[in-house]
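Structure first, then comments.
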Amino acid sequence: MTVPGQQAMSTRPLVLSLEQALSMPYATLRFAQLGWRVIRIEPAPRPGRRTNGDPNRYIGRPVAGEDRHSYFVAPNAGKQAIAIDLKQAEGRALLRRLIGELRVDVFCTNTMPARHRPLGIDPDTLRAAREELVWCSISALGLDHPDVPGYDPMIQALCGYMDITGAPDGPPMQCGPPLIDLKAGDEVFAQVLLALLERAQTGRGKVIDVSMGRVAASWLQTFLPMLDMGSPPAELRRSGNRHRQFIPVDAYPVRDGFIYIAIGSDAQWRRLVATTMFRALDRESLATNEGRRAAGEELHVEIARITRRAARAEVAGVLEQAGVPHAPITPIEEVMDLPFVERALLRTRAPDGREIRLPPAAVDTPFLEQTGARLDFAPAYGEHTTAVLSEAGLDGDEIAAMRARGVIA
């Protein structure tokens, strides 16, 4: 099996990634969307374990055999997969050989830092095999906290996200998408690009340490600084669908559901109240955002009283004419049908022939344009082990012997 465009990849970066779960697989997916070659490493089978490799292979509905369930497919499309036992000295030596022989550009891992040195994946060890290597880690709190495990909801809880998400009178709540996993992956993407740009100028690799906790805190731009500028904590806490500063911003009822309205300036407010539907709100006391903030709950109630008398399409028509930002509450099953999403969707084909739509890349890339926005299906466990080892110069007898000793799958 070949990665799309692989013949043209000889001058493109090669990423070797000891990855599992979502944060690092999402990061390396972004490299695959650029046309880079991404080889994911997973542990070789271990006696007594019911499943092999990345636990995420077995989450969701079965799609292709026992080891490719629905939760695993999208973040791992367009990659290759090998399986090595890094708990064996021979497996660690094999990893170093792959890095040298294949001239790996980037090594990534989201393994807990305490395990880096025992597995032989610490930056000193791997960069000794290839000095130009860019080495990158994602962990809960960074390399200075090697024993701290971390998953997205845990970091959302730790860094205040759950304190500011949900209904005002409700319990703490996590965000719908795994924001911290995805933000950490995007940070890896950006930092690796920067490191490769620097390497092109200096010839030297780099160590990149991405902390999920620091990543999470970095996004609190409209929260944390306000505490030092007079905002009480209560002003920053859960506000449901409402914006904490701009008013009115909320999901308002209509006859056939809800519509989201977001007034972001006094000019937008003036256009809103100039319409026949909302003219009753054209009052001097509401002309400024601070005036509308003072009206608070009463204003939200008044707007809801107006919107619930009309169908969503009628309200949307009025808002569109007025140039007021608004949107329907789109059911998740309809998101891929939105025109701007549908035209950019990526696609893959399952082994049984099914066409599967994938989320779009954040921006179009030349590679995706060349391949018709298609990525190879997510690899089976250990699918490319023999091919990759052969490429690194191991002969059939060596590979067979390693397999017999459990060094590889």
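The order of Lys87, Lys206, going from fewest to most other C-beta atoms within 10 Å of their C-beta, is Lys87, Lys206. In the chain, the sites counted are chymotrypsin sites (Phe, Trp or Tyr not before Pro) in DSSP loop states with at most 16 other Cβ atoms within 10 Å, and the longest stretch holding none of them, exclusive of the sites, is 247-409.
Only Cα sites of segment 124-167 enter the Debye sum here, all with the same form factor; the resulting log10 I(q)/I(0) across q = 0.25 1/Å is -0.89, listed in q order. In terms of Cα atoms, the Rg and Dmax of the chain work out to 25.6, 85 Å.
Which of Ala184, Ala262, Ala295 moves the most in a Gaussian network model of the chain with Cα springs under 10 Å? Between Ala184, Ala262, Ala295, it is Ala295 that shows the largest mean-square fluctuation.
Across segment 168-179, computed HN-Hα scalar couplings (Karplus, 6.51 cos²θ - 1.76 cosθ + 1.60, θ = phi - 60°) run x, 9, x, x, x, 9, 7, 5, x, x, x, 4 Hz from first to last residue, x flagging Gly and Pro. For the chain, adding -39500 (n - 2.57) for each run of n ≥ 4 DSSP H residues and dividing by the number of residues yields -9500 deg cm²/dmol at 222 nm.
Over segment 297-387, calculate the relative contact order: mean separation of alpha carbon pairs under 8 Å at least 6 apart, over the residue count, as a percent. Once normalised by length, the contact order is 18 percent. Dipole orientation for segment 249-330: of the candidates Ala262, Leu272, Ala294, Leu272 has the Cα lying most toward the positive pole (charges on Cβ; Lys, Arg +1; Asp, Glu -1).
Pull out a ≥ b ≥ c, the square roots of the eigenvalues of the alpha-carbon gyration tensor of segment 21-115, then state rounded if a/c is under 1.5, prolate if not and a/b is larger than b/c, and oblate in the remaining case. In terms of gyration-tensor shape, oblate. Across Asp144, Asp122, Asp54, mean-square fluctuation computed from a Gaussian network of the chain (C-alpha pairs under 10 Å connected) peaks at Asp144.
Applying the Karplus relation 6.51 cos²θ - 1.76 cosθ + 1.60 with θ = phi - 60° to segment 144-155 yields 3J(HN,Hα) values of 6, 10, x, 9, 8, x, x, 10, 3, x, 4, 5 Hz, where x marks Gly and Pro. About its Cα centre, the chain has a charge dipole of approximately 260 debye under the convention of +1 per Lys or Arg Cβ and -1 per Asp or Glu Cβ, with nothing else charged. Charges were assigned to the Cβ only: +1 to each Lys and Arg, -1 to each Asp and Glu. The resulting dipole of segment 299-409 about its Cα centre is roughly 580 debye. Taking the fewest neighbouring Cβ atoms within 10 Å as the starting point, the ordered list for Leu338, Leu141 is Leu338, Leu141. Measuring spread by the Cα atoms of segment 68-226 yields a radius of gyration and Dmax of 18.0, 59 Å. Of all DSSP-defined beta bridges confined to the chain, some 40% are antiparallel rather than parallel. Need one word for segment 276-409: rounded, prolate or oblate. Basis is the Cα gyration tensor (sqrt eigenvalues a ≥ b ≥ c); a/c below 1.5 gives rounded, then a/b vs b/c decides. Taking the square roots of the gyration eigenvalues as a ≥ b ≥ c, segment 276-409 is prolate. Tell me whether segment 207-335 comes out rounded, prolate or oblate; compute the Cα gyration tensor, take square roots of the eigenvalues as a ≥ b ≥ c, and use a/c under 1.5 as the rounded threshold. Because a/c hits 1.5 or more and a/b fails to exceed b/c, segment 207-335 counts as oblate.
Where a number appears in this text, it was derived from the coordinates with a stated rule and is not lab data. Not measured: the values here are computed from a predicted model. Please note: Cβ atoms are built from the backbone with ideal geometry, for glycine as well, and neighbour counts cover all protein chains shown.
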